[in-house]
Amino acid sequence: MLTTSHRSVCPYDCPDTCGLLVSVAEGCAVSVAGDPAHPVTRGLLCSKMKHYEQTVHSPRRLKTPLIRCGVKGEGKFEPISWEDAIKLICSRWQELITRYGAECILPYSYAGTMGLVQRNSGHPFFHKLGASRLERTICSPAKDAGWKAIMGDTPAMQPNEIGESDLVILWGINAAATSIHAMRDAQEARRRGARVWAIDTYRTPTCEAVDEAFIVTPGGDGALALGMLHVIERDGLLDNAFIAANVSGFEELSAQILPDCTPELMSALCGLPPEIIERMACEYAAARAPFIRLGSGLTRYGNGAMTVRTISCLPAVIGAWTKPGGGIFIGTSTGAAFPLQRVTREDFMTEPTRLVSMNQLGDALTELDAPRVMSLYVYHSNPAAIAPDQNAVIRGLEREDLFTVVHERFMTDTARYADIVLPATSSLEQADLFRCYGGYHAQRCDAVIAPIGESKSNWDVFRSLAVGMGWNHPFFRQSASDLIEQLVTYDTAWRDASTTEQLRQGVPVLLNLPTDPKRIWLTASGRIEIKNEREAEPLPRPLPTHAATDGFPLRLQPATTPYALNSSFYERDDLRTRQACMHLLMNRSDAELRGLADEQAVIAANDRGQVTFTLRISEQVPAGTVVTEGVWWREFIAGERGVNALTSQRLTDGGRGSTLYDVTVEVRAAE
Ligand SMILES: Nc1nc2c(c(=O)[nH]1)N[C@H]1C(S)=C(S)[C@@H](COP(=O)(O)OP(=O)(O)OC[C@H]3O[C@@H](n4cnc5c(=O)[nH]c(N)nc54)[C@H](O)[C@@H]3O)O[C@H]1N2
Ligand SMILES: Nc1nc2c(c(=O)[nH]1)N[C@H]1C(S)=C(S)[C@@H](COP(=O)(O)OP(=O)(O)OC[C@H]3O[C@@H](n4cnc5c(=O)[nH]c(N)nc54)[C@H](O)[C@@H]3O)O[C@H]1N2
Ligand code: SF4
Ligand SMILES: [Mo]
């Protein structure tokens with residue numbers, strides 16, 4: 001049997017954007033390995049992608065378009081042809097547009113694939129249609145908002161400086177699960193003598209792999225950082241020369257805020273004893289080159305942006321930015337590296353249409369008016385599982401008068417509510433161009449196998465829909481490869497011309513940073529702005545979370561698992577069995593207080609919903625917090641609802657992000 005090897009790229013929403021080597025025999029992907037030549041991957045793949053071929057060739061893959069023949073949500077469908085499916089969708093949309101206007105159509109997509117073309121390929125179509133626009137803010141826009149408030153447009157430092165640090169802080173990041181290459185880097189630094197800390201809300205696998213773990217109250221990190229700033233100033237550990245030359249607003253912070261941020265006062269908010277806050281401050285300030293790798297966990301709260309902004313003051317006041325290996329890494333945004341507007345085509349909109357937050361899909365489908373949402377088109381996202389306030393989302397999806405189309409690889413919770421399901425290709429069946437958000441590289445790839453069944457890529461479906469709508473615009477006659485070619489041939493400050501050929505050949509390319517991220521502060525004043533008058537809150541200060549006043553006694557952490565990525569990978573029996581079932585981790589003292597036993601069925605409830613879990617008594621979680629990992633598909637859980645029946649549609653303080661981790665519940669035995 002002839003086996004050929006092909007380069008590809010991991011398409012999932014993960015900071016590392018790994019290079020893959022895919023072996024193909026008789027038209028099938030037979031194995032997948034990490035590319036040893038890829039700068040981040042260096043041969044190491046996560047447990048999810050080691051057998052990606054099992055996802056690609058899963059017997060669960062959707063192979064033909066389907067039309068609903070049961071009640072909504074029941075999951076009963078019959079096959080139809082692509083031609084009929086496209087005709088049906090377009091004629092239904094034309095009727096709805098005539099009756100309600102095009103804004104009654106709402107696209108919903110996120111990050112099933114991160115490729116620049118396939119991910120964004122609905123934009124030109126929906127812009128031309130005049131549909132409502134989706135505000136894609138479910139992940140961590142509060143992180144960007146918090147960074148921007150103090151650092152402006154300053155790009156992130158190089159993540160590999162971690163190797164030169166003597167104190168690495170993994171803050172609100174479960175690197176062992178979500179960023180395995182950052183974890184490897186931290187461990188390499190540790191072997192070279194650096195100390196590594198983790199700051200989390202429960203003892204994750206990351207906490208087990210570091211020198212010291214600090215367990216904080218959910219949403220309490222801003223208070224921790226303020227307590228550290230208080231100590232650093234009080235004890236004269238500031239880098240006054242760096243502050244004088246580079247920072248504005250520290251005097252005001254020092255005069256107006258820090259006096260009230262003693263370790264004693266901040267201890268009550270962050271849950272760490274005052275002496276630990278003191279020690280963390282002193283060791284942080286004494287380190288030669290402390291490197292903070294900031295995750296997204298701590299951003300999904302009503303105070304998330306403020307938390308990031310406050311933590312970002314730390315390297316500024318001790319001058320960590322001047323040392324190789326010192327600073328804070330929040331993730332790269334390389335949006336300007338490729339001319340994305342050539343794909344998204346905002347110019348196809350005659351006027352800006354209504355923006356609907358993806359975090360408030362429940363309200364959008366049940367309450368929004370003028371016009372009411374009459375059709376939902378979902379592609380590469382699974383909102384029935386991943387969006388907050390699942391009960392509201394499902395009430396919307398159950399509406400008989402809502403025309404729902406879902407383009408998917410699998411029969412997800414969302415696809416079950418569709419009127420029409422369209423089968424989607426996997427990343428091995430489509431061409432794309434990727435840039436990563438955990439570093440500064442980019443890579444393009446071609447399809448390495450033919451589409452499974454009749455599946456089509458996002459871009460190809462939108463081309464068909466454009467034809468179905470009777471549009472003649474040449475833009476929609478292009479192939480995905482034509483679009484990629486336009487992206488890679490356009491010169492930007494981030495790339496020199498020599499990279500175009502490398503990209504064409506599918507090899508990973510390193511992008512250039514147009515400015516020095518550790519010297520040139522791209523803010524309005526040209527300084528690091530601890531005080532920022534343009535913000536609603538001009539200075540960092542302790543802000544409460546939303547759930548602090550909700551009145552339920554236990555904080556719920558919907559956390560990540562190494563064996564899934566959001567709701568992706570639940571098609572894989574091998575990975576799902578590693579997770580066993582949808583557990584709720586609880587401290588023994590909380591279980592005893594409620595008379596609950598290990599492995600018992602329990603119900604966690606709050607004002608929004610109730611969810612059945614299997615209890616796991618665990619010393620991983622502190623008293624007062626309960627944790628569940630993964631975003632399970634309904635078909636694999638005991639009850640009717642997943643964890644997001646407990647989360648809320650409230651938004652973050654900056655960036656209009658989701659507050660998926662800002663939740664409280666009570667837990668009782670299931671009857
Ligand atoms: N295996 C796996 N990998 C993934 C994902 C996945 O689901 N599984 N998801 C992908 C996506 S979309 C994203 S955005 C990234 C996210 O990756 P990360 O940035 O690691 O974010 P999370 O895993 O959401 O949260 C990180 C940690 O923050 C902790 N945390 C929660 N609240 C707080 C808090 O208030 N303070 C502190 N200090 N810690 C807190 C959580 O317990 C968790 O251990 O990972 C990506 N990679
Ligand atoms: N409780 C809880 N909720 C969460 C999170 C959490 O940690 N806990 N994480 C949140 C975060 S950080 C994020 S980013 C969001 C992520 O939310 P989503 O972006 O919706 O992510 P997934 O759940 O991975 O669903 C992606 C879907 O896209 C499909 N897909 C993959 N490739 C393609 C393709 O090329 N075309 C099409 N049409 N479909 C494709 C996959 O089969 C999969 O069903 O979820 C959020 N929700
Ligand atoms: S999910 Fe992340 S770590 Fe795993 S292969 Fe993809 S990019 Fe690499
Ligand atoms: Mo995310």
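The values are calculated or read from the model by the stated rules, or taken from the named source; none is laboratory data. All values reported here derive from a predicted model rather than from experimental measurement. Counting neighbours? That spans all protein chains shown, and the Cβs are built from the backbone with ideal geometry, glycine included. Accessible surface areas use protein heavy atoms only, side chains included; no ligands, DNA or RNA. Shrake-Rupley method; radii C 1.70, N 1.55, O 1.52, S 1.80 Å.
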Considering F462, F434, which residue is open to solvent by less than 10 Å² (accessible area, probe 1.4 Å), closer than 19 Å to T334 by Cβ and of a type in the set (F, W, Y)? F434
Tell me, which strands (runs of 3 or more DSSP E) wholly within the stretch 1-50 include 2 or more residues that are farther than 20 Å from R572 by Cα? 3-9, 19-25
Selection count, the stretch 562-603, where residues are within 16 Å of ligand 4 (Cβ to nearest atom) and aromatic (F, W, Y): 1
Among (1) in contact with a His (Cβ under 6 Å, 6 or more places away or on another chain); (2) within 16 Å of ligand 3 (Cβ to nearest atom), which single condition is S109 missing? (2)
Please go through the stretch 321-351 and give me each residue that is part of a loop (DSSP other than H, G, I, E, B) and without any contact (Cβ under 8 Å) to a residue 24 or more places away in the chain, ordered by number. E351
From the list R634, R641, R656, which residue is basic (K, R), under 19 Å from the mean Cα position of the chain (by Cα), assigned by TED's automatic domain parsing to the domain that holds R555 and surrounded by 15 or more Cβ atoms within 10 Å (Cβ to Cβ)? R656
Log entry, pairs with first residue in the stretch 42-69 being over 30 Å from E188 (Cα atoms) and open to solvent by 30 Å² or more (accessible area, probe 1.4 Å), second being assigned to a loop (DSSP other than H, G, I, E, B) and of a type in the set (A, V, I, L, M, F, W, C), beta carbons closer than 8 Å, six or more apart or on different chains, reads H57/I452; R60/F410; R60/M411; K63/I452; T64/I80; I67/I80; R68/A418
Look through M266, M228 and report the one residue that is closer than 11 Å to V317 by Cβ, touching a residue at least 24 places away in the same chain (Cβ under 8 Å), surrounded by 23 or more Cβ atoms within 10 Å (Cβ to Cβ) and in contact with a helix residue (DSSP H, G or I) (Cβ under 6 Å, 6 or more places away or on another chain). M228
Residue by residue through the stretch 172-187, note down the ones that are touching a helix residue (DSSP H, G or I) at 6+ places or on another chain (Cβ under 7 Å) and more than 16 Å from ligand 4 (Cβ to nearest atom). A176, M183, D185, A186
Kindly indicate whether I449 is at pLDDT 95 or above and out of contact with any Cys (no Cβ under 9 Å at 6 or more places or on another chain). no
Scan the stretch 284-317 residue by residue and report those that are within 15 Å of I169 (Cα to Cα) and assigned to a loop (DSSP other than H, G, I, E, B). A287, R288, A289, G295, S296, S312
Conditions (1) free of Cβ contacts under 8 Å to residues at least 40 places away in the same chain; (2) assigned to a loop (DSSP other than H, G, I, E, B); (3) within 29 Å of S179 (Cβ to Cβ); number of the one not met by P562: (1)
Turns out the helices (runs of 4 or more DSSP H) fully within the stretch 137-242 with at least 1 residues that are within 16 Å of ligand 2 (Cβ to nearest atom) and over 29 Å from R541 (Cβ atoms) are 175-178, 205-208
Of (1) surrounded by fewer than 24 Cβ atoms within 10 Å (Cβ to Cβ); (2) closer than 22 Å to W321 by Cα, D221 fails just (1)
